[in-house]
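Visitor: The structure that follows is given in the form of structure tokens.
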Amino acid sequence: MPPPERQLQDLKAAMLAHLEGCSGRQAALLRLRVPFTLDHAALWHLRPRLMQALALERGETQALQCLAAIDELFRRLAPQLAPSSR
């Protein structure tokens with residue numbers, strides 16, 4: 001598993017990649033916040049905003065698909081934060 005700093009950078013890159021092509025205000029705010037997020041937990045708490053920004057521009061179905069990909073990445077890189085089936 002990559003070191004924690006690399007994990008955090010990978011998560012940030014994935015979130016920002018999903019925002020590519022989005023031009024709305026919420027997407028712009030996330031593009032400013034994500035790079036300066038200092039830990040996995042803070043990044044995890046930005047997920048609802050990511051979902052909202054993507055849903056506004058691409059629709060809820062595509063936003064849910066993007067969030068599923070982000071959640072899978074969290075499960076691999078920060079399993080203590082990611083949701084899991086019981």
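The values are calculated or read from the model by the stated rules, or taken from the named source; none is laboratory data. Just so we're clear, the structure is a prediction, and the values are computed from it rather than from any experiment. All Cβ positions, even for glycine, are placed from backbone atoms using ideal geometry, and neighbour counts span all protein chains on display. Heads up: the accessible areas ignore ligands, DNA and RNA and are worked out on the full protein's heavy atoms, side chains in. Shrake-Rupley method; radii C 1.70, N 1.55, O 1.52, S 1.80 Å.
Visitor: Give me the residue from region 30-42 that is part of a helix (DSSP H, G or I) and touching a residue at least 24 places away in the same chain (Cβ under 8 Å) and, out of that set, surrounded by the most Cβ atoms within 10 Å (Cβ to Cβ).
Guide: Across region 30-42, the extreme among qualifying residues is HIS40.
Visitor: When region 1-29 is examined, which residues are found to be charged (D, E, K, R), in a helix (DSSP H, G or I) and within 18 Å of ALA68 (Cα to Cα)?
Guide: ASP10, LYS12
Visitor: Test GLY59 against the criterion of being among the small types (Gly, Ala, Ser) and in contact with a helix residue (DSSP H, G or I) (Cβ under 9 Å, 6 or more places away or on another chain), and give yes or no.
Guide: In short, no.
Visitor: Just checking, how many residues over region 43-58 are open to solvent by 30 Å² or more (accessible area, probe 1.4 Å) and not in a helix (DSSP H, G or I)?
Guide: Total meeting the criteria: 1.
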